Amino acid sequence: TTGQVVALETADVQAMSTAQVVAFTSTQIAAFGTDQVAALTTAQVSTLTTGQVLALTSAQVGALETVDVKALTSAQAGVLTSVQVSALGTQQVSVLGTLQVVALSTLGVRALGTDQIEALTSAQVSALTTGQILALTSVQVGGLETVDLQVMSTAQVFALTSVQASALGTSQVVAFTSTQVVALNTVALRALTSDQVAALTSVQVSALTT
């Protein structure tokens with residue numbers, strides 16, 4: 001019962017086999033205390049069913065150790081809801097593998113807060129699909145670090161909408177390589193504000209006019 005689950009000592013939780021952990025119902029998983037969730041081993045976490053992952057509360061998701069977050073499979077990462085994704089701490093976000101990042105739903109990506117966006121590594125940003133790039137809000141795009149913008153592929157840059165492009169800070173615009181500036185689609189390019197255009201370097205302007 002859920003009462004028995006709640007009463008389990010963290011040492012008992014850790015001692016369970018993966019088969020025993022998988023046998024828990026979604027209701028029982030949701031009843032786990034944050035200390036019990038934190039006590040789960042990487043092997044136990046990686047074998048959770050997608051149904052069990054969906055049952056995790058925001059508090060439980062936030063309680064997962066970073067090593068356990070890294071252990072999530074692509075299938076598990078793919079079912080995380082927007083609420084669960086937004087509950088991830090910045091350290092948890094930063095340790096996600098590229099395959100896990102790519103597996104996140106567009107709603108999940110859109111749920112990332114400003115601190116979480118800033119916590120993304122260059123490898124994670126460069127791994128985002130064009131669909132995920134399109135899902136980013138103007139606030140999220142404006143929160144990307146310049147070093148992360150510089151690793152974006154031409155396909156990712158081309159995917160930026162006019163709203164996203166106009167949300168870029170002047171320091172972000174300047175950070176683009178000439179190859180990336182040329183990759184901007186015409187609608188996004190026309191959406192650049194006067195301040196953004198004024199911030200373009202001579203190298204970037206030259207790339208656009210050739």
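The values are calculated or read from the model by the stated rules, or taken from the named source; none is laboratory data. Keep in mind it's a predicted model, so treat the numbers as computed, not measured. All Cβ positions, glycine included, derive from the backbone under ideal geometry; neighbour counts span all protein chains shown. Accessible surface is based on the protein model in full, side chains and every heavy atom, while ligands, DNA and RNA are left aside. Shrake-Rupley method; radii C 1.70, N 1.55, O 1.52, S 1.80 Å.
Assorted remarks:
- Restricting attention to the range 130-186, the residues that are of a type in the set (A, V, I, L, M), open to solvent by 40 Å² or more (accessible area, probe 1.4 Å) and part of a helix (DSSP H, G or I) total 7.
- For the residues Q14, Q92, Q20, the requirement of being part of a helix (DSSP H, G or I), on the phi < 0 side of the Ramachandran plot and crowded, with 18+ Cβ neighbours inside 10 Å singles out Q92.
- Any chance A59 is in contact with a helix residue (DSSP H, G or I) (Cβ under 6 Å, 6 or more places away or on another chain), within 30 Å of L144 (Cα to Cα), at pLDDT 95 or above and open to solvent by 50 Å² or more (accessible area, probe 1.4 Å): yes
- A single member of A23, A31 is without any contact (Cβ under 8 Å) to a residue 24 or more places away in the chain and hydrophobic (A, V, I, L, M, F, W, C), and it is A23.
- Criterion: within 17 Å of V93 (Cα to Cα) and of a type in the set (V, I, T) - qualifying residue of V157, V163, V141: V141
Quick grid of which residues meet (1) open to solvent by 50 Å² or more (accessible area, probe 1.4 Å); (2) under 30 Å from E118 (Cβ atoms); (3) part of a helix (DSSP H, G or I); (4) among the acidic types (D, E):
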| position | (1), (2), (3), (4) |
| --- | --- |
| Q4 | yes, no, yes, no |
| F24 | no, no, no, no |
| D35 | yes, yes, yes, yes |
| V53 | no, yes, yes, no |
| K70 | yes, yes, yes, no |
| A75 | yes, yes, yes, no |
| V85 | no, yes, yes, no |
